[in-house]
Every structure is written in structure tokens, then in C-alpha cells.
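Structure first, then comments.
The values are calculated or read from the model by the stated rules, or taken from the named source; none is laboratory data. Just so we're clear, the structure is a prediction, and the values are computed from it rather than from any experiment. Cβ coordinates were reconstructed from backbone atoms using ideal geometry, including for glycine residues, and neighbour counts include every protein chain displayed.
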Amino acid sequence: MIHNLAAGQQVFTSNVFLITGDRTVLVDPGNEFDVVPEIREHVDELDAVVLTHTHPDHIGNTAAVVEAFDVDVWGYDPGHELVDHAIADGETVQLGDHAFRALHTPGHKNDHLCFYAAEPRILIAGDLVFANGSFGRTDLEEGNREWLVESIEYVLDAIDEELAELHTGHGPSVTRDPYDHVAHAAKAARMY
């Protein structure tokens with residue numbers, strides 16, 4: 001089960017996905033709101049924190065979550081002060097009840113990861129792509145439009161056209177034709 005704990009928050013934060021099941025994981029702790037009580041409404045313990053990338057709106061609450069639940073943090077860049085364990089491109093990561101393949105997707109930020117589970121056809125896209133064909137910013141430090149386009153195409157090649165769920169770093173999740181939203185983002189990123 002995937003819960004967006006940031007839904008309804010009126011602060012500068014990313015979406016915060018609590019994925020429950022065999023391995024209860026928090027994807028992107030968010031920023032500027034007290035996420036710990038939100039987590040405790042659903043679970044008593046966490047097995048891990050996983051980061052899509054290390055922009056402040058995605059990681060601001062990390063220290064509070066680590067302190068409250070005594071968990072390690074996983075991300076692409078083990079050199080980052082918050083990351084305890086590296087996740088490599090192509091590595092399999094257990095989130096909830098499913099095995100997700102990590103996809104290194106730079107362009108928005110160098111340490112950006114997406115996660116795709118082929119069995120339930122779920123994509124956790126971070127800030128690579130969003131609903132309605134939107135795509136991540138490239139005007140911030142480490143942003144690179146050419147890499148972003150390549151990363152979106154990499155994800156398109158990895159996912160199934162029957163994608164069932166798209167969970168993004170900001171805005172709504174998509175459950176109706178989510179593959180089309182990713183394909184439109186690829187086209188838009190190439191054009192603009």
C-alpha cells in the first residue's frame with residue numbers, strides 16, 4: 001500500500017510516500033512539516049528511508065525520521081551526509097511487498113533515482129516526470145536538459161506500456177493511462 005503523507009500540506013515539500021508491506025519504507029521524507037506523527041498514524045516502525053534525490057524539499061525531514069525510527073537512509077550518492085547506503089543503477093530494492101528496480105536518472109539532479117516494479121507495474125518517478133507530461137526542472141545546480149531527456153527515455157524503455165501507477169515527487173499520482181504521461185513528458189522535454 002502506498003500512502004502520500006504530504007497530501008494536503010501547505011508547505012514547501014515533496015510528496016512523501018509511505019510504502020507498507022513486507023518491508024515498510026518511507027520514500028522521500030519531505031520538508032517543513034512534522035512527518036513523524038503522520039508515519040505513526042499508519043505504522044509503528046520503519047525498515048528504511050529511501051531517497052529519490054537530495055533536493056531540500058525531499059530530504060528536510062530526514063534527520064527527524066531517522067531519530068524517531070532509528071533507520072538507515074538509502075540513496076544514490078553515499079557521499080551525501082544523509083545517505084548511509086548506496087543504491088546502484090539496476091539494483092533491486094524491496095519497497096513494501098514488491099521488488100523495485102532502481103533507475104539512475106540524472107538531469108534534474110545528479111543523484112536522482114526512479115524505482116520501477118514490473119510485477120504490479122508501479123513507477124516512483126521522483127522529480128523526473130509529473131502528471132500531464134510535465135518534467136523536472138533543469139535550471140537548478142546539477143540540472144541538465146540533455147541528461148533529463150536521456151533519463152526519461154531510459155525510464156520509458158524500462159517500464160511497461162501497461163503501467164498501472166505513476167507516483168511523482170510533486171502533484172497527483174496517476175492511475176489512468178500513466179504510461180502516456182511519461183511518454184508526453186519525454187516528447188515535451190525534447191521540444192522545449
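Brief remarks on what is shown
- Positions within the range 149-192 being in contact (Cβ under 8 Å) with a residue 24 or more places away in the chain and part of a loop (DSSP other than H, G, I, E, B), in sequence order: Ile159, Asp160, Glu162, Leu163, Ala164, Gly169, His170, Gly171, Pro172, Ser173
- Verdict on Glu45 being assigned to a loop (DSSP other than H, G, I, E, B), among the acidic types (Asp, Glu) and either modelled with pLDDT under 95 or over 18 Å from His167 (Cβ atoms) (or both): yes
- Boolean, Glu146 is more than 18 Å from Ile19 (Cα to Cα), out of contact with any Asp or Glu (no Cβ under 7 Å at 6 or more places or on another chain), without any contact (Cβ under 8 Å) to a residue 60 or more places away in the chain and surrounded by fewer than 15 Cβ atoms within 10 Å (Cβ to Cβ): yes
- Residue check for Asp72: within 16 Å of Val27 (Cβ to Cβ), surrounded by fewer than 21 Cβ atoms within 10 Å (Cβ to Cβ) and over 13 Å from the mean Cα position of the chain (by Cα): yes
- With respect to the conditions (1) hydrophobic (A, V, I, L, M, F, W, C); (2) surrounded by 17 or more Cβ atoms within 10 Å (Cβ to Cβ); (3) over 14 Å from the mean Cα position of the chain (by Cα), Leu128 lacks only one, and its number is (3).
- Among residues of the range 10-29, those that are surrounded by 15 or more Cβ atoms within 10 Å (Cβ to Cβ) and within 19 Å of Gly96 (Cα to Cα), counted: 13
- Between Pro106, Pro120, the distinction of being in contact with a strand residue (DSSP E or B) (Cβ under 6 Å, 6 or more places away or on another chain) and either closer than 30 Å to Val149 by Cα or assigned to a strand (DSSP E or B) (or both) belongs to Pro120 only.
- All positions within the range 1-29 that are in a loop (DSSP other than H, G, I, E, B), in contact with a helix residue (DSSP H, G or I) (Cβ under 7 Å, 6 or more places away or on another chain) and not β-branched (Val, Ile, Thr): Leu5, Phe12, Ser14, Asp28, Pro29
- Top-ranked residue in the range 75-88 [being touching a residue at least 24 places away in the same chain (Cβ under 8 Å) and more than 14 Å from the chain's Cα centre (by Cα); ranked as farthest from His112 (Cα to Cα)]: Leu82
- Meets criteria (in contact with a helix residue (DSSP H, G or I) (Cβ under 8 Å, 6 or more places away or on another chain), closer than 19 Å to Val155 by Cβ and aromatic (Phe, Trp, Tyr)) for Tyr116: yes
- Residue list for the range 30-59, restricted to those being out of contact with any helix residue (DSSP H, G or I) (no Cβ under 7 Å at 6 or more places or on another chain), aliphatic (A, V, I, L, M) and closer than 24 Å to Ser151 by Cα: Val50, Ile59
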